[in-house]
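One structure is given here, and the rest of the page talks about it.
What follows is calculated from the coordinates using simple rules that are stated; it is not laboratory data. Here the structure is a predicted model, which means the values were calculated and not measured. Heads up, the Cβs are rebuilt from the backbone with ideal geometry, glycines too, and the neighbour counts pull from every protein chain shown.
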Amino acid sequence: MLSELSPLEIALLCVGAAGIGVSKAGFSGVSMLHVVLYAFVFGAFESTGVLLPMLVVGDVCAILFFGRKADWPHVRKLLPPTLVGIVVGWQLMDQIDAQYFNLIIGVIIFSLTVVQAIRSLKPSWFEQFPHQTWFAILLGLLAGFTTMLANAAGPVIALYLLAVSLPKWELIGTSAWLFLVLNVLKLPLSYNLGLIDPQSLAVNAVFAPAIPLGMLAGRWLVAKISQDLFNLILLAFTAIAAIRLMGWF
């Protein structure tokens, strides 16, 4: 696998690995960058297995940088429905049409992004629904399903944590712990599907060092911007990720 990579593909994989670090530093919508780049090099299905161990590396780095700021009640609230979504996604992974699935997920994420944007302008609108149990269950199921099929649940979790008004550092730390648990649990499932093997792990070993470099850049940027600007950037990246999922570019 490594020996077959062209110089262009090596460059794209380096950029994608650094993008993992940036996304784990709080800009979760950037996650579509490494999803798209790795899918371009390895194919949509196979790339999920290549990416997963690298995401675990990113989660561990994120916890070292941000983990002490986690909001544990939200982790506990999201974890059960997300685990159910992962199991459902695993069962359907080799049966579902990826293009159709991406379109549906993209429409849902984009719709939620619009609602959150309206809510940020009109705080009294939709004031109660982010704190309802059904909202956590719905987004947890969606996140689990999306992370199993496409490693693209970052925007979903970000939307939930934005909706419940977590400060930026708590949002990053909460996401880090949640995704570490989810991604570690996904490892045996991906191995069972034949997506993780010695060749894919060799790719991980070569490109994983770019992850903490991207995270350092992301942490520097988060520290420099205000809470309002952070929320705006996160919403913008999430909208772009949704549009990409819908296949508009």
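Things to note:
- Residues C14, C61 arranged by fewest to most Cβ contacts within 10 Å: C14, C61
- Relative to the globular-protein estimate of 2.2 N^0.38 Å, the Cα radius of gyration of the chain stands at 0.94.
- Rounded to the nearest 20 debye, dipole of the range 7-245 from Cβ charges on Lys, Arg, Asp, Glu: 660
- The chain: angle of helix 227-245 to the longest principal axis, Cα-based, in degrees nearest 10: 50
- Residues I172, I20 arranged by fewest to most Cβ contacts within 10 Å: I172, I20
- Between the alpha-carbon centres of the range 176-236 and the range 49-63 there is a gap of 5 Å.
- Using alpha-carbon coordinates, inclination of helix 7-24 to the longest axis of the chain, degrees: 30
- Crossing angle, helix 98-121 versus the chain [Cα axis fit, 0-90 degrees, rounded to tens]: 30
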